[in-house]
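A short reminder: the numbers here are calculations on the coordinates, not readings from a lab. None of these values were measured; they are calculated from a predicted model. Counting neighbours? That spans all protein chains shown, and the Cβs are built from the backbone with ideal geometry, glycine included.
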Amino acid sequence: MSERLRVAIASYPNVAPEFRDDETLLEQLRSRGVDAAISSWDDASFPWNEMSLIVARSVWDYAMRYDEFMRWLDGLSVPVENDPGLIRWNSDKRYLDDLLEEGLPVVPTTFLPPGASAPSFDHEVVIKPTISAGGRRTGRFGPSSVAAAEALLAEISEAGLTAMVQPYLPNVERAGETAVVMIDGEVSHVLRKGAILAADEVAPVRADDYLGVAERMYDPELVLAGEATDEELDLAERILGEVRRRFDVTPLYARVDMLRGDGGEPLLLELEAVEPNLYFPQAPEAAELLADAIVHRARRASTRRTSASRRT
């Protein structure tokens, strides 16, 4: 009789009701006979290393506890999805430079390490830390709000973080962001995300939110089902192809977020391979696809572990 699969979904303890995709995934896994559970990634009492597979999903406080999260990841002795090397690389947005070096179309980005002087600019820019999520410490500034931009840069620097500065692309106000969700290397669904940032301010956050997520992220109309052009789908495939080349893995899940440049061309804004919201309510079939992919990978991992134990 084959070993029963045990899968842990690594999460964060205070996920808001609006973002509880993990519970949908848990139901799908259990309906497939998997012994599945959700646990906060920092729960030392949870038997992580007794699992067939660990799936890092809504680990949304990792950016606030970065070193601790990486130590947890390094201490795991069972397979993790996504691949830990990919998670580490993707968790710091300086990976955009790596993709740019490979000739991929990326929103132009300047990186400012702690203590670096603020750049001058005569156009609208977006500023945020390279290690962040949910619109935290993120703002949009024009030439008339340089003082506010410098204040945000100083705050990021004082926190010991690297800041990133990107041009604000006005096409986002008309077309929004396109997000192509990939599951097990294939396109699952496409999302259309509205503009988050208002001019000349740091994005307001919900006062009682420990994560400091931008208030706009809670808008139920912010992210809707969408469509992608052939150009956008091609860019998503190219980005995933570079991940495969770099890490020799196909991500279990990834969300490729892109904007339109001034000439209408798609540009990568972010590759989300650590803890992206996949928005199951906008694409209910995606939870089934992800559950099937997890079962396949968990079974493969369990078979490899059984074979290795027999050899020893």
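Structure summary
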{"read-out": "Spin-label zone in segment 252-272 - amide nitrogen under 20 Å from a point set 7 Å from the Cα of residue 187 along the C-beta vector", "value": "252-261, 264-272"}
{"read-out": "Antiparallel DSSP beta bridges within the chain, percent to nearest 5", "value": "75 percent"}
{"read-out": "For the chain, with +1 on Lys and Arg beta carbons and -1 on Asp and Glu, the positive-most of 34, 154, 143 along the dipole", "value": "34"}
{"read-out": "Virtual spin-label span in nm between residue 147 and residue 20, 7 Å along Cα→Cβ", "value": "4.5 nm"}
{"read-out": "Potential extension, residue 219-residue 110 segment - 0.36 nm per residue separation minus Cα distance", "value": "36.3 nm"}
{"read-out": "Dipole magnitude of segment 95-273 about its Cα centre (Cβ charges: Lys, Arg +1; Asp, Glu -1), debye to nearest 20", "value": "320 debye"}
{"read-out": "Helix-only mean residue ellipticity at 222 nm for the chain, each DSSP H run of n ≥ 4 adding -39500 (n - 2.57), per residue, nearest 500", "value": "-9500 deg cm²/dmol"}
{"read-out": "About the Cα centre, charge dipole magnitude for segment 1-108 (Lys/Arg +1, Asp/Glu -1 at Cβ), debye", "value": "280 debye"}
{"read-out": "Burial ranking of peptide ranges 67-79, 149-161 (average Cβ count within 10 Å, highest at the top)", "value": "149-161, 67-79"}
{"read-out": "Net length gained if the chain between residue 199 and residue 102 were fully extended (0.36 nm per residue, minus Cα distance)", "value": "31.7 nm"}
